[in-house]
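Remarks on the structure that follows.
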Amino acid sequence: MSEGVQTRRWTRAEYDRLIEIGVFQPGDRVELLGGELIVAEPQSEPHYTAIGLTEEALRTALGAGWVVRTQGPIALDDESEPEPDLAVVPGTWRDFGPDHPSQPVLVVEVAVSSFYLDCKHKGSLYARAGLMDYWILDLAHRRLEIYRRPIADATAPFGWRYDSVEHVGPDGAIAPLAAPDARVRVSDLLP
């Protein structure tokens, strides 16, 4: 940051108010991450297709009792309301009437050109929130990266990172921590 430049941090309540009064319109690709308004990656066809494939695979693997949300807000903390590509929460759609879910058991981001943001920035934010299971579908390398075990790390953007990182290629499979019997094949996620 340049000397003398001032920025303003936003709370989730202020961000929700900006949406309510129409500052942001449906389809605007803006997220509140750690008090900062971040413009999200535009969606290419492979990105959008991968979201649909991942949603389908997770719904099939998990079955009833889980909600798989695509690009919906998560009330992560007082200064963060990310809109991950996919988030899995226990329950049914009716459980989330007036409020966004706040405790997903799994978040999946699909990365084409946003890998660094998803890995370092969002990963640190999700780790700080205590999310135990974070996946990045890396389309450039055709693999799934699984991040687990959040730990404090003063060098990370939000003071936290994941201690465990696993790379699973197209021939592999993985199960969400919250549903260990729900095997998901990586090839089913890739366009």
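A short reminder: the numbers here are calculations on the coordinates, not readings from a lab. Please read all numbers here as calculations on a predicted model, not as lab measurements. Reconstructed Cβ throughout: ideal geometry from the backbone, glycine too, with neighbour counts over all protein chains shown.
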Residue by residue, what Karplus-based ³J(HN,Hα) values in Hz, rounded to whole numbers, does the range 173-181 have, using 6.51, -1.76 and 1.60 with θ = phi - 60° and x for Gly and Pro? 9, 8, 10, x, 4, 6, 9, x, 8
Rounded, prolate or oblate: which fits the range 43-188, taking a ≥ b ≥ c as square roots of the Cα gyration tensor eigenvalues, rounded meaning a/c under 1.5, else prolate when a/b beats b/c? rounded
Taking only Cα atoms, what is the 0 to 90° angle, nearest 10, from helix 45-62's long axis to the longest principal axis of the chain? 60 degrees
Would you work out if the range 124-163 is rounded, prolate or oblate? Take a ≥ b ≥ c from the square roots of the eigenvalues of the alpha-carbon gyration tensor; rounded if a/c is under 1.5, else prolate when a/b is larger than b/c, oblate otherwise. prolate
Based on Cβ point charges of +1 for Lys and Arg and -1 for Asp and Glu, what charge dipole magnitude is obtained for the range 43-188 about its Cα centre, in debye rounded to the nearest 20? 300 debye
Helix-only mean residue ellipticity at 222 nm for the chain, each DSSP H run of n ≥ 4 adding -39500 (n - 2.57), per residue, nearest 500: -5000 deg cm²/dmol
Surrounding charge for L76, neighbours by C-beta under 11 angstrom, Lys/Arg +1, Asp/Glu -1, total -3
Let me know the shape class of the range 48-108, please: from the alpha-carbon gyration tensor, a ≥ b ≥ c as square roots of the eigenvalues, rounded when a/c is under 1.5, otherwise prolate if a/b is greater than b/c, or oblate. oblate
Any residue on another chain or 5+ positions along whose placed amide H is under 5 Å from the amide H of L139 is listed here as A111
Under a 10 Å cutoff between Cα atoms, tell me which one of G34, G123, G65 has the largest fluctuation in the Gaussian network model of the chain. G65
Please build a GNM for the chain, connecting alpha carbons under 10 Å apart, and tell me which residue among P82, P104, P46 fluctuates the most. P46
Lys and Arg at +1, Asp and Glu at -1: neighbours of T49 with Cβ under 14 Å from its Cβ sum to -4
GNM flexibility winner over the chain from V168, V107, V68 (Cα, springs under 10 Å): V168
